[in-house]
1. Determine ³J(HN,Hα), in whole Hz, for all residues of the range 122-136 in sequence, where each value follows from phi through the Karplus function 6.51 cos²θ - 1.76 cosθ + 1.60 and θ = phi - 60°; x replaces Gly and Pro.
2. Starting from the Cα of Glu107, move 7 Å in the Cα-to-Cβ direction to define the label point; list residues of the range 199-240 whose amide nitrogen is under 18 Å from there.
3. Taking R0 as 41 Å, what FRET efficiency do you get between Thr45 and Ala66 from their Cβ-Cβ distance, rounded to the nearest 0.05?
4. Counting other C-beta atoms within 10 Å, and keeping those with at most 13, which DSSP coil chymotrypsin sites (Phe, Trp or Tyr not before Pro) do you find in the range 127-236?
5. From the alpha carbon gyration tensor of the chain, can you work out the equivalent ellipsoid semi-axes (sqrt of 5 times each eigenvalue) and give them in Å, largest to smallest?
6. Using a simple charge model, +1 on the beta-carbon of Lys and Arg, -1 on the beta-carbon of Asp and Glu, nothing else, what dipole does the range 26-236 show about its Cα centre, in debye to the nearest 20?
7. Sequence gap at least 6, Cα distance under 8 Å: using those rules, report the relative contact order of the chain to the nearest whole percent.
8. Considering the range 103-166, what Rg and Dmax in Å follow from its alpha-carbon atoms?
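Derivation of every value follows stated rules applied to the coordinates shown; laboratory data play no part. Here the structure is a predicted model, which means the values were calculated and not measured. Using ideal geometry, Cβ is built from the backbone for each residue, glycine included, and neighbour counts are taken over all protein chains shown.
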Amino acid sequence: MPPPWLGTRVLPTTGDGYGEQRPTPPALRNRRFTLPDTLPMLPGTGFKAVVTDPAPAQVIARSTWAPGCPVGASRLSWIRLTFRGFDGERHTGELLVNSSVDDQLVEAFRALWDADFPMEQLAITTVAERDADPTGDGNGTGAFNCRPTTGGSSYSQHAYGLAVDVNPFQNPYVRSQNPYEKGDLVLPELATSYLDRAAVRRGMITPDGPVVKAFAAIGWGWGGAWNSLKDYQHFSQNDR
């Protein structure tokens, strides 16, 4: 079960606006719970995905999309799909993605299902979640998010619906290869125990594991292979 304080303890912010980096709480050092589904279970017993293109207006309305985002709302698809939770059970989640890649992403997530790769939650990012004060313990797998790149000003590939983050807590973003030195950045901020990539725990992405293979099969690159920084959670069509 998730600790009762999950998502509620706001971190002090640093000069760059991110939360203060802290050691991983004991309850999250081997994170392996699944949050309640937010959608009705899709019928059947195995993998199933339902693509709605374009995404319904009510789905767009609860996302981060707004006029001025670099992709039009009519070019986003809503995918409802099943996934394996850390409890080993069948769960249903959702993704908002660029319509040009919806079928490809269904195949990638089908491969993760077949590999029994667990995820905590598949959800669409809301404005409230995007703009909330940092708690440093989020772990939702998601795609579309109308925001700039981390630490930058240009739009992220997420703002086009052409990127997916998988289990961000088990697979954090690391701005440098010396994560405990001054000036380094780890996101989520409490995920420091997962910087040890040799201590493989469930939900982690490894270079030769099923997640990298699933996305490579559709031609997407992995941020964990980048040289200038490591974004272990991130997959994108243009490998950026």
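1. Result, ordered by residue: 10, 8, 8, 5, 9, 4, 4, 5, 4, 9, 6, 4, x, 10, x Hz.
2. Of the residues in the range 199-240, 210-222, 235-239 have backbone N under 18 Å from the label point off Glu107.
3. Here the calculated transfer efficiency is 0.60.
4. Tyr180
5. Equivalent ellipsoid of the chain: 25, 21, 18 Å, largest first.
6. Value, rounded to 20: 140 debye.
7. 20 percent
8. 13.2, 38
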